[in-house]
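Written below as structure tokens is the structure these notes are about.
The values are calculated or read from the model by the stated rules, or taken from the named source; none is laboratory data. Since we're looking at a predicted model, the values are computed, not measured. With ideal geometry, Cβ positions are generated from the backbone for all residues, glycine too; neighbour counts draw on all protein chains shown. The area values use the complete protein model at the heavy-atom level, side chains included, leaving out ligands, DNA and RNA. Shrake-Rupley method; radii C 1.70, N 1.55, O 1.52, S 1.80 Å.
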Amino acid sequence: MIAFLTGRVAARGAGTAVIDVGGVGMSVQCTPSALSRLHVGETGTVATSLVVREESLTLFGFADDEEKHMFEQVQTASGVGPRLALAMMSVHSPASLRHAVATEDTAALTRVPGIGKKGAQRIVLELAGKLEGPIVTDGTLPGTAEPAADDAWRGQVVSGLVNLGWSAKDAETAASAVAAEAENTADVAVLLRSALRKLSRA
């Protein structure tokens, strides 16, 4: 129904952005990669998926159509609702999710908060052969990184981790642990995934 939004970014918080579209503030639950492209006061665009429930209408926002499409595809697995699907897209890129399912890498899936070993096995079983697109083993998509100014990445990584259920203290610790990596990449989504891997091994 609503394929994308373009407008001035009125606000941005932990996992959420408000985009002013024609004078109407649209609240969007976003992936870290989508949030990293949105800057308050500037015009931004996000691909969107509208989830309709009896008691609510919720817009989910993505960096591009591939991320949006994967969000919708993973929900075809039993037990995967929009919130868990968003968590999956926050931890993994579409390419790394395809790779995890294709190679039956349940360990990669259990890095997502809310997915246990049995849940990961079920997801692999139900999504095998259904996820469209090329498999990229390094989990990155060419041309999707967007530089973050100075240390702005740290606040976005911490916000993303807190939004996924980690405590503020753990989130700050994980962000500090990936600080060295930030010298080589300013892609917030990559840094967030690295922080999540460190937390999952803690």
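When the range 70-103 is filtered for residues that are open to solvent by 30 Å² or more (accessible area, probe 1.4 Å), within 15 Å of the chain's Cα centre (by Cα) and either under 19 Å from Arg193 (Cβ atoms) or among the hydroxyl-bearing types (Ser, Thr, Tyr) (or both), the ones remaining, listed by number, are Arg83, Leu84.
Please indicate, with yes or no, whether at least one residue in the range 104-127 is under 26 Å from Ala182 (Cα atoms), small (Gly, Ala, Ser) and open to solvent by 30 Å² or more (accessible area, probe 1.4 Å). Yes, because at least one residue in the range 104-127 is under 26 Å from Ala182 (Cα atoms), small (Gly, Ala, Ser) and open to solvent by 30 Å² or more (accessible area, probe 1.4 Å). Do the conditions hold for Ala87, that is, is it in contact with a Pro (Cβ under 8 Å, 6 or more places away or on another chain) and not β-branched (Val, Ile, Thr)? Yes, satisfied.
Among the residues in the range 37-59, are any under 12 Å from the mean Cα position of the chain (by Cα) and open to solvent by less than 10 Å² (accessible area, probe 1.4 Å)?
No, every residue in the range 37-59 fails to be under 12 Å from the mean Cα position of the chain (by Cα) and open to solvent by less than 10 Å² (accessible area, probe 1.4 Å).
Every test in (1) buried (at least 20 other Cβ atoms within 10 Å of the Cβ); (2) among the basic types (Lys, Arg); (3) at pLDDT below 80 is passed by Arg193 save one, and that test is (3).
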